[in-house]
Amino acid sequence: MNLDSIYQDLGISSQVLEFGKKIEKELKERFDRIDETAEYNQMKVLKAMQDARVSDIHFAATTGYGYNDLGRDVLEDVYARAFHAESALVRPQLVSGTHALHIALSGNLRPGDELLSPVGKPYDTLEEVIGIRDSAGSLKEYGVTYRQVDLLPDGSFDYEGIARALGERTRLVTIQRSKGYDTRPTLSVDQIGQLISFIKKLRPDVICMVDNCYGEFVERTEPTDVGADMMVGSLIKNPGGGLAPVGGYIVGRKDCIDRASFRLTAPGLGKEVGASLGLNQQMFQGFFLAPSVVAGALKSAIFAANIYENLGFSVVPDKNQSRHDIIQAVTFGSPEGVIAFCRGIQAAAPVDSFVVPEPWDMPGYDAPVIMAAGAFVQGSSIELSADGPIKEPYAVYFQGGLTWWHGKAGVLKSLQSLVEAGIVRL
Ligand SMILES: *Cc1c(COP(=O)(O)O)cnc(C)c1O
């Protein structure tokens, strides 16, 4: 059987396939550059694993307190080496990205301290962590105040505003790399470095933390290479490589990581406890695969940007922009467009492909949200996934794909679904 007919078996028409092929041809050079970055990052991870002397005894399970969990300690050493940091906390007990960020913040802030975001509003779930939206147990309840300086209208840093906002009580600065579900541009590692240099010049003692979610391995360098004291992310996004079934990481300066560890477990216990429960092998192997998985996700995002921009939809980042995370936003301008796109992504999944997603009133959101996720790991967004709130401007956020070919199939299925709904004519 030839390639075209197997696509047809998957419900992708020859018209949609031909349109995709034309776009893919134009992307060859771009994809080559992504592969070069992946090659560089693969060697970086390989070297870290060799230098840390990873061995198969490190895949053994521990239980209970997890004293002397060699695998856990070596995994943390690998993360620290790969990201050029002094120390790391990489744990299944960090249950999500939000939890890892909460531990990093609450472990390093004390009553009377101020937290500053110089890049505008943080990710939705952090509003309750910080207390921007009142919540039991927030930093605000513990006497930590919060200040925010928005980006300027052109997306650049408001250096004057940041200098004014850095007060005597400012203890920690939080910098979010990815735009998340916002409309601002994602920050490059270079830009993050410039911001950190500016802050450190004024206040060398302030802790600079970067929310690195969705950014790992997109570039050759990471925020810890440009002065970040702490960098935080989720293992069911980029660095888990699709294999980590749960977890989060915090890497950075030893004193910062120690304080975070005393918050995660208990003062006095810190990194010494926490059983890895037999998950180490998946965590190591996922991290090993992550550079190439991220390359596939990036190609899929760029493919989607090019498909939908050529069809006249507005896309962020646009089809030629440089990439600093794996998220692609496409604005369809109608609920039907958002729904058709998400149904196409779901229909391309290896798991639950037969399910038809519907918009629903999710807790914490002010409009119904539709989600497409047919993932091996629940909620994993390094796997092919999409979601969109059913409200103006009717945009979807698309990310992931464990392989480029699966990401490509997902984008083609989304287009097929839009064609069948009569929203797109090829
Ligand atoms: C996903 C994400 C988070 C939160 O991670 P969860 O694992 O969903 O809790 C925080 N910040 C950014 C920028 C993210 O993309």
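For Tyr67, indicate whether it is among the aromatic types (Phe, Trp, Tyr) and farther than 24 Å from Ala297 by Cβ. So Tyr67 fits the description; yes.
Restricting the search to region 188-203, which residues are in contact with an Asp or Glu (Cβ under 9 Å, 6 or more places away or on another chain) and either small (Gly, Ala, Ser) or open to solvent by 10 Å² or more (accessible area, probe 1.4 Å) (or both)?
Let us first name the residues in region 188-203 that are in contact with an Asp or Glu (Cβ under 9 Å, 6 or more places away or on another chain), namely 188-190, 193, 196.
Of everything in region 188-203, those that are in contact with an Asp or Glu (Cβ under 9 Å, 6 or more places away or on another chain) and either small (Gly, Ala, Ser) or open to solvent by 10 Å² or more (accessible area, probe 1.4 Å) (or both) turn out to be Ser188, Asp190, Gly193.
For first residues located in region 95-108 and within 8 Å of the ligand (Cβ to nearest atom), partners that are of a type in the set (D, E, K, R) and open to solvent by less than 40 Å² (accessible area, probe 1.4 Å) and lie 6+ apart or on another chain with Cβ distances below 7 Å form the pairs Gly97/Lys237; Leu101/Asp211. Checked against the criterion of being away from the ligand (no atom under 16 Å from the Cβ), open to solvent by 10 Å² or more (accessible area, probe 1.4 Å) and farther than 18 Å from Cys208 by Cβ, the candidates Pro153, Pro185 yield just one match: Pro153. Determine whether Ala48 is open to solvent by less than 30 Å² (accessible area, probe 1.4 Å), touching a strand residue (DSSP E or B) at 6+ places or on another chain (Cβ under 6 Å) and either assigned to a strand (DSSP E or B) or under 30 Å from Gly268 (Cβ atoms) (or both). Against the criterion (open to solvent by less than 30 Å² (accessible area, probe 1.4 Å), touching a strand residue (DSSP E or B) at 6+ places or on another chain (Cβ under 6 Å) and either assigned to a strand (DSSP E or B) or under 30 Å from Gly268 (Cβ atoms) (or both)), Ala48 does not qualify. Leu109 meets the conditions (1) modelled with pLDDT of 95 or more; (2) of a type outside the set (Lys, Arg); (3) in contact with a Ser or Thr (Cβ under 9 Å, 6 or more places away or on another chain) in every case but one. The failed one is (3).
When region 213-227 is filtered for residues that are of a type outside the set (Val, Ile, Thr) and touching a helix residue (DSSP H, G or I) at 6+ places or on another chain (Cβ under 6 Å), the ones remaining, listed by number, are Cys213, Glu216, Phe217, Glu219, Arg220, Pro223, Gly227. When Val206 is tested against (1) buried (at least 21 other Cβ atoms within 10 Å of the Cβ); (2) at pLDDT 95 or above; (3) not hydroxyl-bearing (Ser, Thr, Tyr), just one condition goes unmet, and that condition is (1). In the condition set (1) open to solvent by 10 Å² or more (accessible area, probe 1.4 Å); (2) in contact with a Lys or Arg (Cβ under 8 Å, 6 or more places away or on another chain); (3) closer than 22 Å to Ser106 by Cα, Pro223 is compliant with all but (1).
Consider Asn41 carefully, then state whether it is modelled with pLDDT of 95 or more and polar (S, T, N, Q). Answer is yes for this residue. All conditions but one from (1) away from the ligand (no atom under 15 Å from the Cβ); (2) in contact with a helix residue (DSSP H, G or I) (Cβ under 6 Å, 6 or more places away or on another chain) apply to Lys201; the one that does not is (2). When region 116-135 is filtered for residues that are modelled with pLDDT of 95 or more and more than 16 Å from the ligand (Cβ to nearest atom), the ones remaining, listed by number, are Leu116, Gly131.
Residue count for region 247-276, restricted to those that are assigned to a helix (DSSP H, G or I) and either out of contact with any Phe, Trp or Tyr (no Cβ under 6 Å at 6 or more places or on another chain) or closer than 23 Å to Asp225 by Cβ (or both): 13. Among the residues of region 220-242, those that are more than 16 Å from the ligand (Cβ to nearest atom) and either in contact with an Asp or Glu (Cβ under 9 Å, 6 or more places away or on another chain) or part of a loop (DSSP other than H, G, I, E, B) (or both) comprise Arg220, Thr221, Val226, Gly227, Asp229. Over 23 Å from the mean Cα position of the chain (by Cα) and hydroxyl-bearing (Ser, Thr, Tyr) - does that describe any residue in region 386-395? No, because not a single residue in region 386-395 is over 23 Å from the mean Cα position of the chain (by Cα) and hydroxyl-bearing (Ser, Thr, Tyr).
If you take the residues in region 63-96 that are among the hydroxyl-bearing types (Ser, Thr, Tyr) and open to solvent by less than 30 Å² (accessible area, probe 1.4 Å), which one is nearest to Ala290 (Cα to Cα)? Here the residue is Tyr79.
State yes or no: is Leu10 over 27 Å from Asp211 (Cβ atoms) and modelled with pLDDT under 95? It is false that Leu10 is over 27 Å from Asp211 (Cβ atoms) and modelled with pLDDT under 95.
Say whether the condition of being touching a Ser or Thr at 6+ places or on another chain (Cβ under 9 Å), free of Cβ contacts under 8 Å to residues at least 60 places away in the same chain and either under 20 Å from Arg177 (Cα atoms) or of a type outside the set (Asp, Glu) (or both) is met by at least one residue in region 74-84. Checking region 74-84: at least one residue is touching a Ser or Thr at 6+ places or on another chain (Cβ under 9 Å), free of Cβ contacts under 8 Å to residues at least 60 places away in the same chain and either under 20 Å from Arg177 (Cα atoms) or of a type outside the set (Asp, Glu) (or both).
One line per residue, one yes/no per condition, for (1) closer than 17 Å to Met371 by Cα; (2) at pLDDT 95 or above; (3) touching a Gly at 6+ places or on another chain (Cβ under 9 Å):
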{"residue": "Glu392", "(1), (2), (3)": "yes, no, yes"}
{"residue": "Val396", "(1), (2), (3)": "yes, yes, yes"}
{"residue": "Leu402", "(1), (2), (3)": "no, yes, yes"}
{"residue": "Trp405", "(1), (2), (3)": "no, yes, yes"}
{"residue": "Val424", "(1), (2), (3)": "no, yes, yes"}
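Determine whether Tyr159 is away from the ligand (no atom under 12 Å from the Cβ) and either over 28 Å from Ser292 (Cβ atoms) or open to solvent by 60 Å² or more (accessible area, probe 1.4 Å) (or both). Yes. Pairs linking a residue in region 229-252 that is under 15 Å from Val294 (Cβ atoms) and open to solvent by 10 Å² or more (accessible area, probe 1.4 Å) to a residue that is within 9 Å of the ligand (Cβ to nearest atom) and of a type in the set (A, V, I, L, M, F, W, C), with Cβ atoms under 6 Å and 6 or more positions apart or on different chains, are Lys237/Cys213.
The values are calculated or read from the model by the stated rules, or taken from the named source; none is laboratory data. These figures come from a predicted structure and were not determined experimentally. In this analysis, Cβ positions are derived from the backbone assuming ideal geometry, glycine residues included, and neighbour counts consider all displayed protein chains. What goes into the accessible areas is simple: the full protein's heavy atoms, side chains included, and nothing from ligands, DNA or RNA. Shrake-Rupley method; radii C 1.70, N 1.55, O 1.52, S 1.80 Å.
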